[in-house]
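K.L.:
Below is a structure I'd like to ask you about.
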Amino acid sequence: MNAAAMDFDHVELLIGAVENAEEANAKAVRSTVLTPRFYTTDFKALDALDVSSMRAEWDTMMAEYEGDNNHDHFQRDAAFADEVRELMPKLSPEMRQEFLDFLISSLTSEFSGCILYNEIRKNVSNPDIKQLMTYMARDESRHAGFINQSLKDFNLGIDLGALKRTKAYTFFKPKYIYYATYLSEKIGYARYITIFRQLERHPDKRFHPIFRWFERWCNDEYRHGESFALLMRAHPELLSGVNKLWIRFFILAVYATMYVRDHTRPLLHETMGFKSTEYDYEVFRITSEIARQVFPIEVDIDHPTFRACMTHLVKIAVEDAKARKQGGILGKLKQGWCVTRAFVTFVRLYLLPVKQQKLPDQVRLAPTW
């Protein structure tokens with residue numbers, strides 16, 4: 001199957017449908033390979049972090065957080081309400097479902113960061129880490145709340161308190177948190193800035209007012225990633241030896257998850273003037289360029305096998321969704337075969353040659369994309 005040519009029946013198999021607040025909350029709580037997860041970690045290990053080797057850059061960044069240039073940004077103005085009233089009735093049922101999936105997934109991801117950062121803040125005494133986590137939890141809380149307001153326009157608001165209590169938590173070692181969260185924040189920046197620039201060039205393709213907030217919003221994400229870059233560069237053992245294998249794993253896992261998830265929303269991207277594949281590779285390109293500040297390796301996103309494997313993962317995801325819908329013994333067997341094929345495909349990705357690079361002396365980068 002051509003990943004860019006999925007029909008909506010296949011899309012609906014992967015994302016399901018949301019018609020009421022109960023279904024929206026159930027979707028947010030659900031944990032799958034493709035949905036954002038909630039995390040916990042070893043707080044004592046984070047408490048022992050030492051950023052003194054990066055003190056000058058760290059203090060500059062903390063001053064930026066304290067300046068809080070987005071303190072009044074996440075407010076809906078009158079034009080927002082007018083656009084919602086004008087544009088939302090024009091969405092097709094299929095487009096509505098893809099957009100709701102995007103909002104619920106984005107909210108869950110933002111709220112996941114809020115919870116993790118707040119829990120770290122409460123469980124450490126290290127003043128540098130406590131201060132950082134306070135600022136990042138503040139930002140993510142604003143983002144999640146702002147998305148939730150847009151869901152409420154559809155009468156589908158998420159109960160964030162219930163979500164925090166009922167969604168499953170995954171334990172990650174601190175270094176896994178550093179790699180995964182750095183990538184999540186930077187890829188979040190790349191996704192949002194790519195959408196913002198596209199709609200800046202083509203305002204007629206902006207089908208919802210929330211996208212007007214994306215530029216300053218994604219700069220929050222960018223700064224969060226910078227924070228984890230400094231943490232990792234302050235502890236160079238995290239970026240050498242066997243840990244380079246973990247870095248490769250997390251880059252590929254984050255890219256593959258995003259690619260499959262984005263190809264479940266073809267109408268969303270087409271409405272903005274993208275093809276899902278083109279959009280994803282632009283996001284990969286930006287993220288890879290940024291990550292050179294901290295990761296000593298880079299995956300080759302232009303390698304033919306990389307691209308073939310990404311497309312194959314989408315095909316497997318569709319077949320797995322069909323097997324789940326079929327149910328029964330035969331459905332279970334088909335699901336097992338899909339898991340095996342996905343594993344083999346990921347191994348092929350993992351064994352591809354990577355680009356080696358020297359880390360720059362200056363860690364922080366300006367968000368110039």
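K.L.:
Apply the membrane-span-like helix rule to the chain: whole DSSP H runs, Cα extent along the own long axis of at least 15 Å, mean Kyte-Doolittle hydropathy at least 0.5. List the helices found.
P.N.:
243-262, 328-350
K.L.:
Same structure, new question: How high is the FRET efficiency between F343 and F171 when r is their beta carbon distance and R₀ equals 22 Å, given to the nearest 0.05?
P.N.:
The value I calculate is 0.50.
K.L.:
Through the Karplus equation 6.51 cos²θ - 1.76 cosθ + 1.60, θ set to phi - 60°, convert the phi angles of the stretch 353-369 into ³J(HN,Hα) values in whole Hz; use x for Gly and Pro.
P.N.:
x, 10, 8, 8, 8, 8, 6, x, 5, 8, 7, 6, 10, 7, x, 9, 7
K.L.:
Any chance you could look up the accessible area of E66 with a 1.4 Å probe, heavy atoms only, rounded to 10 Å²?
P.N.:
Number for this one is 130 Å².
K.L.:
Take every Cα pair under 8 Å in the stretch 105-185 that's 6+ residues apart, average their separations, divide by the length, and report that relative contact order as a whole percent.
P.N.:
Answer for the stretch 105-185 is 28 percent.
K.L.:
Let me ask something additional. Working only with C-alpha atoms, what are the Rg and Dmax values of the stretch 219-367, expressed in angstrom?
P.N.:
Expressed in Å, the Cα Rg and Dmax of the stretch 219-367 come to 17.7, 57.
K.L.:
Using only alpha carbons, build the gyration tensor for the stretch 1-144 and give me the equivalent ellipsoid semi-axes, biggest first, whole Å.
P.N.:
Semi-axes, largest first: 37, 21, 14 Å.
K.L.:
Now for a different question. For the chain, with a Gaussian network of springs between Cα atoms less than 10 Å apart, report the residue from L239, L333, L132 with the top mean-square fluctuation.
P.N.:
Of L239, L333, L132, the Gaussian network model singles out L333 as fluctuating most.
K.L.:
Let me ask you something else. Starting from 0.36 nm per residue, how many nanometres of slack lie between K164 and K325 once their C-alpha separation is accounted for?
P.N.:
55.1 nm
K.L.:
When all alpha-carbon pairs of the stretch 297-369 are counted, what percent fall beyond 19 Å?
P.N.:
Counting every Cα pair in the stretch 297-369, those more than 19 Å apart make up 54 percent.
K.L.:
With Cβ to Cβ distances under 9 Å as the rule, what net charge do the other residues near R265 carry (K, R +1; D, E -1)?
P.N.:
Its environment carries a net charge of -2.
K.L.:
May I pose another question? How far apart, in nanometres, would the label points at E215 and A45 be if each is projected 7 angstrom from Cα along the Cα-to-Cβ direction?
P.N.:
Taking the simple label geometry, E215 and A45 are separated by 4.0 nm.
K.L.:
Among S150, S240, S106, which one shows the biggest mean-square fluctuation in a GNM of the chain, springs joining Cα atoms closer than 10 Å?
P.N.:
Highest fluctuation of the listed residues: S240.
K.L.:
Could you tell me how many cubic angstrom of Cα convex hull volume the stretch 132-291 has per residue?
P.N.:
132 Å³
K.L.:
Given a 10 angstrom Cα cut-off, can you work out which residue in P174, P203, P304 is the most mobile in a GNM of the chain?
P.N.:
Greatest mean-square fluctuation among the candidates belongs to P304.
K.L.:
Any idea what the alpha-carbon Rg over 2.2 N^0.38 Å comes to for the chain?
P.N.:
For the chain, the normalised Cα radius of gyration comes out at 0.98.
K.L.:
Can you tell me how much longer the chain between K244 and D59 gets when fully stretched, taken as 0.36 nm per residue apart minus their C-alpha distance, in nm with one decimal?
P.N.:
Length difference between fully extended and current span is 63.8 nm.
K.L.:
If the viscosity is 0.890 mPa s and the temperature 25 °C, what Stokes-Einstein diffusion coefficient in µm²/s follows for the stretch 151-201 when Rh is the Kirkwood radius over Cα pairs?
P.N.:
Once the numbers are plugged in, D ends up at 174 µm²/s.
K.L.:
Another question, then. If you find the alpha carbon centre of the stretch 197-228 and of the stretch 34-59, how far apart are they in angstrom?
P.N.:
Distance between centres, Cα-based: 25 Å.
K.L.:
Measuring from centroid to centroid over Cα atoms, what is the spacing of the stretch 94-145 and the stretch 261-316 in Å?
P.N.:
When both Cα centres are located, 24 Å separates them.
K.L.:
Which of the lysines could a cross-linker span from K173 if the Cα-Cα distance has to be under 17 Å and same-chain partners fewer than 8 positions apart are dropped?
P.N.:
Of all the lysines, those that pass the test against K173 - Cα under 17 Å, at least 8 places apart if same chain - are K44, K244.
The values are calculated or read from the model by the stated rules, or taken from the named source; none is laboratory data. Keep in mind the model is a prediction, meaning the values are calculated, not measured. Here Cβ is always computed from backbone atoms with ideal geometry, including for glycine, and neighbour counts include all displayed protein chains. Quick note on the areas: whole protein, heavy atoms, side chains included, nothing else; ligands and nucleic acids left out. Shrake-Rupley method; radii C 1.70, N 1.55, O 1.52, S 1.80 Å.
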